[in-house]
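The values are calculated or read from the model by the stated rules, or taken from the named source; none is laboratory data. Since this is a predicted model, take the numbers as computed values, not measurements. Reconstructed Cβ throughout: ideal geometry from the backbone, glycine too, with neighbour counts over all protein chains shown. Only protein heavy atoms, including side chains, enter the accessible area calculation; ligands, DNA and RNA are left aside. Shrake-Rupley method; radii C 1.70, N 1.55, O 1.52, S 1.80 Å.
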Amino acid sequence: MSEATQGKQPVITPVRVVIALCLFAPFVAMLWVDSYAKVEPTFVGVPFFYWYQMLWVVVSTALTMVAYKLWQRDQRARKGGASR
């Protein structure tokens, strides 16, 4: 191997896999309509179909925030490791 490729970190890392899963989970949850296309159980009179989707708005926000923070940490680690 050449010196340039020998010192590089792999492109696919466990942190990047977690980031991808955090960003992919809301899509799977919302596109799998059969899992939430029902009325029961209701929450404060709101059918399951609606409150499940609203819950995913909050969950998606949290997962996106986690993915962003992990990405920032990964980028700082890659820059810090390259300058040493």
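Annotations
- From the list Gln53, Gln72, the one residue that fits, being open to solvent by less than 80 Å² (accessible area, probe 1.4 Å) and closer than 30 Å to Val11 by Cβ, is Gln72.
- Evaluating Asp34 against the criteria (1) among the charged types (D, E, K, R); (2) surrounded by 10 or more Cβ atoms within 10 Å (Cβ to Cβ); (3) without any contact (Cβ under 8 Å) to a residue 40 or more places away in the chain leaves one unmet condition, (2).
- The set of residues in segment 40-58 being within 26 Å of Asp74 (Cβ to Cβ) and touching a Pro at 6+ places or on another chain (Cβ under 7 Å) consists of Trp56 alone.
- The residue list Ala37, Ala62, Ala67, Ala4 contains one member that is small (Gly, Ala, Ser), touching a Cys at 6+ places or on another chain (Cβ under 7 Å) and either modelled with pLDDT under 95 or within 28 Å of Lys79 (Cα to Cα) (or both), which is Ala67.
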